[in-house]
Amino acid sequence: MNIDWASVGTVFGVSLLVTVGLVGLFALGTVGLAKQGSAVVTSAAYVCFGLCAAAVAYGIFLIVR
């Protein structure tokens with residue numbers, strides 16, 4: 001059996017970046033809702049949550065497909 005270590009490293013790197021990005025987006029959304037600031041901050045928080053939901057839906061789509 002021959003393992004392509006470059007592909008394994010690429011998958012690991014992309015997974016790490018996407019995970020950190022999604023956690024960061026979710027954290028920004030949570031902080032935005034906790035501040036109870038202006039309508040712009042609240043709207044940005046909901047946009048962050050929407051992007052997180054879209055990324056999760058896309059991941060489920062890829063798994064099911």
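The values are calculated or read from the model by the stated rules, or taken from the named source; none is laboratory data. Just so you know, these numbers come straight off a predicted model, no measurement behind them. Here Cβ is always computed from backbone atoms with ideal geometry, including for glycine, and neighbour counts include all displayed protein chains. These accessible areas exclude ligands, DNA and RNA; they are computed on the full protein's heavy atoms, side chains included. Shrake-Rupley method; radii C 1.70, N 1.55, O 1.52, S 1.80 Å.
Kindly report the accessible area of the chain per residue (heavy atoms of protein chains, probe 1.4 Å, no ligands, DNA or RNA), in Å².
Counting only protein heavy atoms, the per-residue value for the chain is 80 Å².
Could you work out the relative contact order of the chain, using alpha carbon pairs under 8 angstrom and six or more residues apart, expressed as a whole percent?
Normalised by residue count, the contact order of the chain is 28 percent.
Any chance you could give the angle, 0 to 90 degrees and rounded to 10, that helix 5-35 forms with the longest Cα principal axis of the chain?
Tilt relative to the chain: about 10 degrees.
Within the chain, what whole-number % of the accessible surface is contributed by carbon and sulfur, with the 1.4 Å probe and all protein chains included in the calculation?
Roughly 77 percent of what the probe reaches on the chain is carbon or sulfur.
So how much slack lies between Ala57 and Val18, counting 0.36 nm per residue of separation and subtracting their Cα-Cα distance, in nm?
Extra length available between Ala57 and Val18 comes to 12.7 nm.
Filter the chymotrypsin sites (Phe, Trp or Tyr not before Pro) in the stretch 18-65 to those in DSSP coil with at most 15 other Cβ atoms within 10 Å of their Cβ, and list the result.
Answer by residue number: there is no such site.
Mean residue ellipticity at 222 nm from the helices of the chain, using -39,500 (n - 2.57) per DSSP H segment of n ≥ 4 over the full residue count, to the nearest 500 deg cm²/dmol?
So the calculated ellipticity at 222 nm is -31500 deg cm²/dmol.
What Kirkwood Rh does the chain have if only Cα atoms enter the pairwise 1/r average? Answer in Å.
That comes to 13.7 Å for the chain.
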